[in-house]
Amino acid sequence: MMNRCPYRVGLGHDTHRLELGRPLILGGVRIEHPRGLAGHSDADVVLHALTDAMLGAAGLGDIGESYPDDDPRWAQANSTRFLRETMNRLKSLGWVTVNVDVTILAQEPKLGPLKTRIRESLASLLELDETNVNVKAKTGERVGHIGRAEAIACLAIVLLARSEEPLGNSSSF
Ligand code: MG
């Protein structure tokens, strides 16, 4: 039976290890810090979680299927590309993003002063008003891999709605 519901929700999660000598990029924002996130691409854990949430909401699998981390095309890739391409896929299927909510889990650096910049960056990338983009930050309470500052993780949730004028084939709704 076809799902005629005009809304879909999607959840995303990602973790990357902190490593000396790597750039730290969160939500498309370059952050000055002695350590950055290790990964095949630029390891932007926020954009990876967000891309996964969008893919999940649209029933399109996960980021690893679309951008395998053993594919040389994505070596050092700017993760804004993953998000933008995913947004275009969703648009062509007749989906628009209603709002996103993101929680970044990091013991260091202190994200409180950076949340506004990350929110502005995400709103700009997603072409959304900032009121529809929320960024929260939590430490790991000094326990576990987050609390020992060995890694940064991110949780993201996205709500999609059917656009009034689908740009492509919407027969899967
Ligand atoms: Mg990742």
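If you average the alpha carbon positions of the range 84-128 and of the range 1-62, how far apart do those two centres end up, in angstrom?
9 Å
Add +1 for every Lys or Arg and -1 for every Asp or Glu among the other residues with Cβ under 11 Å from the Cβ of R30, and state the total.
Neighbour charge sum, excluding R30 itself: -2.
Note down the net charge around V133, summing +1 for each Lys or Arg and -1 for each Asp or Glu among other residues with Cβ under 13 Å from its Cβ.
-1
Out of the total accessible area of the range 127-168 (probe 1.4 Å, heavy atoms of protein only), what percent is carbon and sulfur?
Percent of accessible area from carbon and sulfur atoms in the range 127-168: 49.
Mind counting lysine pairs for me in the chain? Cα separation below 13 Å, and the two need to be 8 or more apart along the chain or on different chains.
4
Using a probe radius of 1.4 Å on heavy atoms only, what accessible surface per residue do you get for the range 75-127? Whole Å² is fine.
Ligands and nucleic acids excluded, the figure is 47 Å² per residue.
Restricting everything to alpha-carbon atoms, can you work out Rg to Rh for the range 1-129 with a Kirkwood hydrodynamic radius?
0.98
The values are calculated or read from the model by the stated rules, or taken from the named source; none is laboratory data. Bear in mind the structure is a predicted one, so any value in this text is a computation, not a measurement. Positions of Cβ are generated from backbone atoms using ideal geometry, with glycine treated the same way; all protein chains shown enter the neighbour counts. In case anyone asks, the SASA skips ligands and DNA or RNA and just uses the protein heavy atoms, side chains included. Shrake-Rupley method; radii C 1.70, N 1.55, O 1.52, S 1.80 Å.
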